[in-house]
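The values are calculated or read from the model by the stated rules, or taken from the named source; none is laboratory data. Bear in mind the structure is a predicted one, so any value in this text is a computation, not a measurement. Here Cβ is always computed from backbone atoms with ideal geometry, including for glycine, and neighbour counts include all displayed protein chains. These accessible areas exclude ligands, DNA and RNA; they are computed on the full protein's heavy atoms, side chains included. Shrake-Rupley method; radii C 1.70, N 1.55, O 1.52, S 1.80 Å.
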Amino acid sequence: MPRVALFVTCLVDMFRPSVGFATVKLLEDAGCTVEVPEAQTCCGQPAYNSGDRATAAQIAQQVIVAFESYDYVVAPSGSCAGTIVKDYPDLVQGAWVPRAQALAAKTHEITSFLVDVLGVESVTADMPRLATYHDSCSGLRTLGVRDQPRKLLASTGVTVREMDEAEVCCGFGGTFCVKYPDISASMVADKVRHATDTGAELLLAGDLGCLMNMAGKASREGRGIEVRHVVEVLAGMTDTPAIGEPK
Amino acid sequence: MSLHASTTPQFKQNSRDALADENLQSALRSARNGFVGKRAIARAKMGEDEFDALRNRGRDLKNHVLANLGDYLEAYEREVIASGGHVHWAETAADAQAIVLDICRKAGAKTVNKGKTMISEECGINDHLSANGITPVETDLGEYIIQLRDETPSHIIAPAVHVTVPQVREEFLKAHTHLDPDRDLSGLDTLLKEARAVLRAKYFEAQVGITGANMLIAETGQSVIVTNEGNGDLSQSLPKVHIVMASIEKIVPTMEDAATVLRILARSATGQDMSVYTTFSQGPRRAGDPDGPEEYHVVLLDNGRSNMLGTEFQDMLRCIRCGACMNHCPVYQTVGGHAYGWVYPGPMGAVLTPSLIGVEEGGHLPNASTFCGRCEDVCPMRIPLPKMMRHWREREFERNLTPAATRWGLGIWGWFAKRPALYRLATRGGMAGLRLLGRGRGRLGKVPLAGSWTDARDMPAPQGDTFMAQWRAKR
Ligand code: SF4
């Protein structure tokens, strides 16, 4: 049984633990042993993307130490997984480089880990609902996550009705959304409009940053669309209120 | 002297203005899917693998040029001189202004025809000529429209993409007073016909024609332009004097290399297999040539580019100015090109502008990106645009140009992020606080210090205790 370390991601840890538990369930159902290293905080992306390379490198080293002894590292986020996979080897120096490369080689976003690494064809959840799927940027363009979530969703009975510009950024962009709030607000308004135009009852994606952005806009505009992380649906854990919805 | 002034430091205000401008938003909406869809079709038609292999060849070709730039520039200069032309080296935009003005004066020019050239924009040639009593006439339709409106281009290949059709109609009615004010200008074709008639008459008045160059070919000394209107050809072959304005990185070694770039350029830009006109120019008219200028000048502009060689920004010099990065950029699509405040907008501008006018002036641009990566994904020269924007952020951070609030927040966050046990405590406490504020509503409409988030959208409340705390309690 592969020993998988869960990289929870800072947003899931703080705002939506159910995404972490859904990820654990999917991994265990697929025959993995899941552990959650204590020494994790964040992947360091906020520092890296703000130009603070030194802090980002220190956090990268901390992640390498905490996670390198496992067979695989899996995150419910293409963005954080993408940082480990694509950026860590560039970010660290000297003897850390081969260690960063080794970690990068075994780190995966959850849906691509299930489909591409474990060869999972279907999950057990039964969810005959109409959804639309937003392709979060890093997962899509850094890690090639596109067909994997759709394939798994199909196995649950979810019908995905594609929105216009599914591959266009939702305007979150980490600190971008607070540094350039007007531009971000316009981008997320476009995104939520495209999503609701499909008539879908569910808006799904694989990254909590994008999801909080879209859910926050959808509720502000009273769009009445249910916004969830894709793993919640795949794990059949939709009894928790959707993102931004009351109990 | 009026070099091209920048409003880049006001990027935020510029973008707010852009969002409030209904004409602009309507123009941006209609442009949005056109470019994207056409490029995708062009790529599919060629075959995605072949298209992407061509991008690799383009990248390698330009890397080779940049590694040997001095040699190729010298070879190019020799060939231009051998074919009877002149090469002028302009270290700065001001040098280029002086050189162009001098050539125009010697030619006794009162009017100068202009093909589309971004280097002329970068050097503020139009203002400089006008200030010295010479009238520049833009012959590209888009450039002509914005000249009438007294604006700068908002896109490097579609300069008037921010203007709506009704606005063009209004401009023509105002400017073409020699025509019947009640004429029918309702259709797009009538507008085009009128523009063509007005512009054709002007071609014959000019003593000098200025064009840009999409490439300069070292082995032959040729300059290459691509256009869809044929205006470049008329601009450069009718007047006595032809001036080519180009920056030093436009060099390619051979004709075959030029063909490689041409195969990828129009497909990336407009989705065409080739632009309608592709024109190679070499020296002045020779004895027996049916037409062509008597004098052929090339102004080679550096303006900070050679300083980029050998730095983390060198890859930017591979750019062939196709515009694909801005066509696919969600920020550009939202605010348009003028918000960027200087000559080059979109992702390529976000990297190039701080290189050319300084990061103090251009520092907003590399920050105004979500790093969605779409630009790098479509760039025919495979320029890692987000990575280079991040390099600018690193330089700003090193030099303390990052805003104090950001540094401060980042400092506190980083301190905790490096101390997992304390981080656990702090995040648990913080989330408990947010939950209290949410009072079971699942979301917050206002959060102290988070106004830039909650002004436009709700903040989803934390679900419960943190994952790490729940996990520890369970297992
Ligand atoms: S950076 Fe790339 S995509 Fe953008 S204009 Fe230059 S070549 Fe085209």
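Residue by residue, here is whether (1) among the basic types (Lys, Arg); (2) more than 13 Å from the ligand (Cβ to nearest atom); (3) within 14 Å of chain A (Cβ to nearest Cβ) holds:
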| position | (1), (2), (3) |
| --- | --- |
| B:286 | yes, yes, no |
| B:296 | no, yes, no |
| B:302 | no, yes, no |
| B:313 | no, no, no |
| B:318 | yes, no, no |
| B:331 | no, yes, yes |
Q: Determine which member of the set B:94, B:67 is in the same structural domain as residue B:295 (by TED's automatic domain parsing) and over 22 Å from the mean Cα position of the chain (by Cα).
A: B:67
Q.
When you scan segment B:266-273, do you find a residue that is among the hydroxyl-bearing types (Ser, Thr, Tyr), away from the ligand (no atom under 16 Å from the Cβ), open to solvent by less than 40 Å² (accessible area, probe 1.4 Å) and in the same structural domain as residue B:154 (by TED's automatic domain parsing), even just one?
A. no
Q.
Residues that are facing another protein chain (nearest Cβ under 9 Å) and under 22 Å from residue A:44 (Cβ atoms), at least 2 per element: which helices (runs of 4 or more DSSP H) completely within segment B:380-469 meet that?
A. B:385-398, B:404-417, B:420-438
**Q.** Looking only at segment B:274-314, and only at residues there that are open to solvent by 10 Å² or more (accessible area, probe 1.4 Å) and among the aromatic types (Phe, Trp, Tyr), the one that is farthest from residue B:108 (Cα to Cα)
**A.** B:277
Q. Among the residues of segment B:341-371, which ones are open to solvent by less than 10 Å² (accessible area, probe 1.4 Å), assigned to a helix (DSSP H, G or I) and within 13 Å of the ligand (Cβ to nearest atom)?
A. B:346, B:347, B:348, B:349, B:350, B:351, B:352, B:353
Q.
Yes or no: segment B:46-58 includes at least one residue that is in the same structural domain as residue B:120 (by TED's automatic domain parsing) and within 20 Å of the chain's Cα centre (by Cα).
A. yes
Q: Could you pull out every one of the strands (runs of 3 or more DSSP E) wholly within segment B:70-169 that has 3 or more residues that are more than 24 Å from residue B:200 (Cα to Cα) and either within 16 Å of the ligand (Cβ to nearest atom) or more than 14 Å from chain A (Cβ to nearest Cβ) (or both)?
A: B:86-90
Q: Could you list, in sequence order, all residues of segment B:1-30 that are in contact with a His (Cβ under 8 Å, 6 or more places away or on another chain) and either basic (Lys, Arg) or closer than 19 Å to residue B:157 by Cα (or both)?
A: B:12, B:24, B:27, B:28
Q.
Looking at segment B:34-51, I want the residues that are closer than 25 Å to residue B:333 by Cα and touching a residue at least 40 places away in the same chain (Cβ under 8 Å) and have a partner that is open to solvent by 30 Å² or more (accessible area, probe 1.4 Å) and among the charged types (D, E, K, R) with Cβ atoms under 8 Å, at least 6 apart or on another chain. Which pairs are those?
A. B:39/B:267; B:42/B:267; B:42/B:273; B:43/B:267; B:51/B:43; B:51/B:267
(Q) Return the residues of segment A:151-178 that are within 14 Å of another protein chain (Cβ to nearest Cβ), farther than 30 Å from residue B:448 by Cβ and of a type in the set (A, V, I, L, M, F, W, C); say none if nothing qualifies. (A) A:163, A:166, A:168
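Could you list, in sequence order, all residues of segment A:51-83 that are part of a helix (DSSP H, G or I), open to solvent by less than 10 Å² (accessible area, probe 1.4 Å) and free of Cβ contacts under 8 Å to residues at least 40 places away in the same chain? Walk me through it before giving the result.
Initially, segment A:51-83 is screened for residues part of a helix (DSSP H, G or I), giving A:53-67, A:78-83.
Now drop any that are not open to solvent by less than 10 Å² (accessible area, probe 1.4 Å), which leaves A:56, A:59-60, A:63-64, A:67, A:78, A:81-83.
Hits for segment A:51-83 are A:56, A:59, A:64.
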Q) Out of all the residues in segment B:208-224, which are within 19 Å of residue B:100 (Cα to Cα) and either assigned to a strand (DSSP E or B) or in contact with an Asp or Glu (Cβ under 8 Å, 6 or more places away or on another chain) (or both)? A) B:208, B:209, B:210, B:211, B:216, B:223
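Conditions tested, residue by residue: (1) part of a helix (DSSP H, G or I); (2) within 10 Å of another protein chain (Cβ to nearest Cβ); (3) more than 26 Å from residue B:372 (Cβ to Cβ).
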| position | (1), (2), (3) |
| --- | --- |
| A:18 | yes, yes, yes |
| A:28 | yes, no, yes |
| A:37 | no, yes, yes |
| A:43 | no, yes, no |
| A:46 | yes, yes, no |
